[in-house]
Amino acid sequence: MTIYILWLREVKRYLRSRPQIIGSLAQPMMYLLVLGFGLGPVFQQAGQGSYLQFMAPGVVGMGLLFTSIFSGIGLLWDRQFGFLKETLVAPVPRLHIMAGRTLGGATVAMIQGILVLVVCFIAGFRPQSLLAIPLALVFMALVAIVFSALGTVIGSSLKDMQGFQLIMNFLVLPIFFLSGALFPLTNLPTALTVATRLDPLTYGVDGLRGALIGLSQIGVVTDFAVLLLVAAAFLALGARAFSRIQV
């Protein structure tokens, strides 16, 4: 019951914030329209086909990443305004509180990812088949859970908003840019190849491309397995970090 209440609270808070919904679509739309159409001719001349088709799954991954990880960091706001303390002193297991918040953040990220996908459709992106959409939704859900759990780990570790910009610059942005969302992962330098393989979002973007346009450089099965393992690991770390929060 606690998990459901906290999940519902996160979803309702997101749905009530219409400016936030519109504002969070601005960055994916900028990447999609400016880069998608701006670099499209260059990408096509290189013999790689449509850049819009290539980068649309990466833009969806970006929407999932930012929304899910920031929902976890929202713990800082709850701590600052006292809501977290009220929640933690309730006679319910902290694991249930963590699970409800994480699932709520993942659900919000899924809604955001679907909205970004709709924008991609409007811009001209076309999947290889409508039957690919369910598989894409599975990968979107895994990405959302992975980074909602990571956000919980971060939000449980920080005590104030001073570290927020540091997290943004040295964690979230590298995760996005190293995921292959904007460039192919072939023929990269060895160091960059290793870095991309250590990035969980790489497997989410690659899985989305494999599902939506049939272009997977790692393998859809491998992408699914890695995301599942990382999700389990981050959920365990999130539960441990959340249990250590001092009231």
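The values are calculated or read from the model by the stated rules, or taken from the named source; none is laboratory data. Quantities reported herein were computed from a predicted structural model and do not represent experimental measurements. Don't worry about glycine lacking a Cβ; one is built from the backbone with ideal geometry, like all the others, and counts go over all protein chains shown.
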Within segment 221-232, count every residue that is of a type in the set (A, V, I, L, M), touching a Phe, Trp or Tyr at 6+ places or on another chain (Cβ under 9 Å) and in contact (Cβ under 8 Å) with a residue 40 or more places away in the chain.
2
Pick from PHE242, PHE183, PHE170: which is in contact with a Ser or Thr (Cβ under 6 Å, 6 or more places away or on another chain) and aromatic (Phe, Trp, Tyr)?
PHE242
Does any residue of segment 122-130 turn out to be assigned to a helix (DSSP H, G or I) and within 13 Å of GLY238 (Cβ to Cβ)?
no
Select, from GLN48, GLN20, GLN44, GLN53, the only residue that is out of contact with any Lys or Arg (no Cβ under 7 Å at 6 or more places or on another chain), outside any helix (DSSP H, G or I) and either modelled with pLDDT under 75 or over 18 Å from SER148 (Cα atoms) (or both).
GLN48
Quick one: in segment 221-247, of everything that is loosely packed, with under 14 Cβ neighbours inside 10 Å and charged (D, E, K, R), which residue is farthest from ILE133 (Cα to Cα)?
ARG244
Residue set LEU235, LEU212; condition in contact (Cβ under 8 Å) with a residue 60 or more places away in the chain and closer than 21 Å to ALA56 by Cα; output residue LEU212
I need every pair where a residue in segment 58-77 that is farther than 19 Å from LEU137 by Cβ has its Cβ under 6 Å from the Cβ of a residue that is modelled with pLDDT of 85 or more and among the aromatic types (Phe, Trp, Tyr), sequence separation at least 6 or different chains.
ILE69/PHE147
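Name the single residue that is surrounded by the most Cβ atoms within 10 Å (Cβ to Cβ) among those in segment 157-190 being polar (S, T, N, Q) and modelled with pLDDT under 85. Outline the logic, then answer.
Filtering segment 157-190 down to residues polar (S, T, N, Q) leaves 157, 162, 165, 169, 179, 186-187, 190.
Subsequent filtering for residues that are modelled with pLDDT under 85 retains 157, 162, 165, 169, 186-187.
Working: SER157: 15, GLN162: 9, GLN165: 9, ASN169: 10, THR186: 8, ASN187: 6.
Within segment 157-190, the match that is surrounded by the most Cβ atoms within 10 Å (Cβ to Cβ) is SER157.
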Matching entry among ILE122, ILE218, ILE154, ILE213 (being over 12 Å from the mean Cα position of the chain (by Cα) and surrounded by fewer than 14 Cβ atoms within 10 Å (Cβ to Cβ))
ILE122
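ALA195: surrounded by fewer than 20 Cβ atoms within 10 Å (Cβ to Cβ) and under 14 Å from LEU142 (Cβ atoms), yes or no?
The answer is no for ALA195.
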Restricting attention to segment 88-98, does a residue exist that is more than 18 Å from PHE176 (Cβ to Cβ), at pLDDT 65 or above, buried (at least 20 other Cβ atoms within 10 Å of the Cβ) and in contact with a helix residue (DSSP H, G or I) (Cβ under 9 Å, 6 or more places away or on another chain)?
yes
